[in-house]
Amino acid sequence: MASLADQAIRWQEDRLVLLDQRALPNKVLFVECTQASEVVAAIRDMVVRGAPAIGVSAAYAVVLAAREQYAVAPEDWIRRMDTDLQSLAQARPTAVNLEWAIARMRDVMARTGPGDPGPVLLQAACKLHQEDVQANRALGAHGASLLEDGAVVLTHCNAGALATGGYGTALGVIRSAHAQHKIKAVYADETRPWFQGTRLTAWELLQDNIPVTLICDSAAASLMRQRQLAWVIVGADRVARNGDVANKIGTYALAVMARQHDAGFMVAAPTSTIDLKVSSGTEIEIEERSQQELTQYHEVALAPAEAGVWNPVFDITPAGLVTALVTEKGVVHAPCEEKIMALMKD
Ligand code: MRU
């Protein structure tokens, strides 16, 4: 039986049902979307988050948008979807999987014949969803093969089943290595300011009976120094052609620390996260979110009202700090443009 985290995105009868990640771990709530605009809001407000999960949800949103527009104008539904697809693409800017999924669904839209496009588009969205899970299982196995027995690992943010169509990327590697009894300890950092590590990764690993130890973000360097950390394992929101990686804020700091402490730095991501249109990390838009993510926790104020705030929620890790980029197509050691182009050609 699939875990709850593996069913965080579900199509049920005529609607998209999303596990509300804002409420975890205290409450298990679901948000039901019957309109594309509701999926846009769910992505923007972090009901669903994580690059591949955003992409999968967007694919289902295209189904909802097509249904709405076809009902109003059966002859003109594709053109009428432009506005829906634009607001979907803009819901969050950094994860490439969002535009990747929309582009894939646009291809299917262009190929639908006359009549209701709903069934064909739903089939395409389900396929994209299943392919993401398969990719994660494959990359999980590739990543696990890099770990020695008794590995101590640290992960950042939540790159698990919750953040994908299922199984997870960084947590897919950890799940796979744990099943092979290779892992001695998993550390998760809290991942300020949204606490994806504390709230989501800890919850998800424990659902799978994988013991986890939380640390605050600033304990990472001490952990590396004192506990012989073998690997930092993270996901990605966008990987540039040269191997630079956009991921949750704090990833870059971990990569610098890993280099200092001779730990490996593994980026686990499906090839749908690689953006060949972007030559390096400097071209990637970094999302900035509300200052309230730092100044308050729920309704409780944490900072003086006058304090200024800068809240970029992703950063860029230069390719030179990445030991291995792990995809469903295989592992790219010390990624660079040449190796990434070769991987994507296969
Ligand atoms: O802001 P979030 O929670 O959407 O950020 C998520 C991350 O940074 C993940 O590491 C990334 O999307 C990969 S998820 C498999």
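Quick notes on this structure:
- Straightening the chain between Val300 and Glu75 buys 75.8 nm, computed as 0.36 nm per residue apart minus the Cα-Cα spacing.
- Coil-residue GluC sites (Glu not before Pro) of the range 56-119, DSSP, other Cβ within 10 Å capped at 11: Glu75
- Treating r as the C-beta distance of Ser37 and Ala2 and R0 as 30 Å, the FRET efficiency rounds to 0.55.
- Lysines with Cα under 22 Å of Lys277, excluding same-chain neighbours fewer than 8 positions away: Lys248, Lys329, Lys339, Lys345
- Theoretical gain in end-to-end length, Asp45 to Asp262 [0.36 nm per residue, Cα-Cα removed]: 74.4 nm
- Among Ser3, Ser279, Gln21 - extreme Cα towards positive end, dipole of the chain, charges at beta-carbon: Ser3
- Take the Cα of Gln130, step 7 Å toward its Cβ, do the same at Asp149, and the gap between the two points is 3.8 nm.
- Basic side chains Lys and Arg get +1 at the Cβ, acidic Asp and Glu get -1 at the Cβ, and with that the dipole of the range 193-346 about its Cα centre reaches some 480 debye.
- Taking label positions 7 Å along the Cα-Cβ direction at both Asp14 and Ser87, the computed distance is 2.0 nm, reported to one decimal.
- 5 angstrom amide H check on Leu154, placed H, neighbours 5+ away: Tyr187, Trp231, Val232, Ile233
- Whole-Å distance, taken between Cα centres, linking the range 104-123 and the range 36-59: 20
- For the chain, the membrane-span-like helix rule (DSSP H, alpha carbon extent of at least 18 Å along the helix axis, mean Kyte-Doolittle at least -0.5) picks out 51-72, 96-111, 118-144; this says nothing about an actual membrane.
- Straight Cα distances below 17 angstrom link Lys184 to the aspartates and glutamates Glu148, Asp149, Asp208, with same-chain residues fewer than 8 positions distant left out.
- Residue list for the range 241-258, given a label point 7 angstrom along the Cα-to-Cβ vector of Ala307 and an amide N cut-off under 12 Å: none
- Taking N as its residue count, the alpha carbon Rg of the chain over 2.2 N^0.38 Å: 0.97
- Cubic angstrom per residue, convex hull over Cα atoms of the range 120-183: 64
- Of Met344, Leu64, Ile43, farthest towards positive along the dipole that unit charges on Lys, Arg, Asp, Glu beta carbons give the chain: Met344
- Taking amide H as placed 1.01 Å from N in the peptide plane, Phe314 has its amide H under 5 Å from the amide H of Ile249, Glu287, each at least 5 places away in sequence or on another chain.
- Share, in percent, of DSSP beta bridges within the chain that are antiparallel, nearest 5: 50
- Estimated from helical segments only, the mean residue ellipticity of the chain at 222 nm is -11500 deg cm²/dmol, where each DSSP H run of four or more residues counts as -39500 (n - 2.57).
- Stokes-Einstein D for the range 85-237, Kirkwood Rh over Cα pairs, 10 °C, 1.306 mPa s (µm²/s): 93
- Full extension of the chain between Ser290 and Ala185 yields a length gain of 34.4 nm, computed as 0.36 nm times the residue separation minus the alpha carbon distance.
- Note on the range 153-227: with neighbouring protein chains present and a 1.4 Å probe, carbon and sulfur make up 48 percent of its accessible heavy-atom surface.
- Accessible area per residue for the range 241-346, computed on protein heavy atoms with a 1.4 Å probe, is 50 Å².
- For the range 257-330, the list of chymotrypsin sites (Phe, Trp or Tyr not before Pro) that fall in a loop by DSSP and count at most 16 other C-beta atoms within 10 angstrom reads Trp310.
- In the range 1-139, Rg over Rh equals 0.96, where Rg is the alpha-carbon radius of gyration and Rh the Kirkwood radius from pairwise Cα distances.
The values are calculated or read from the model by the stated rules, or taken from the named source; none is laboratory data. Worth saying up front: this structure is predicted, and the values here are computed from it rather than measured. Note that we place each Cβ from the backbone using ideal geometry, even for glycine, and neighbour counts take in every protein chain shown. These area figures cover heavy atoms from the full protein model, side chains too; ligands, DNA and RNA do not enter into them. Shrake-Rupley method; radii C 1.70, N 1.55, O 1.52, S 1.80 Å.
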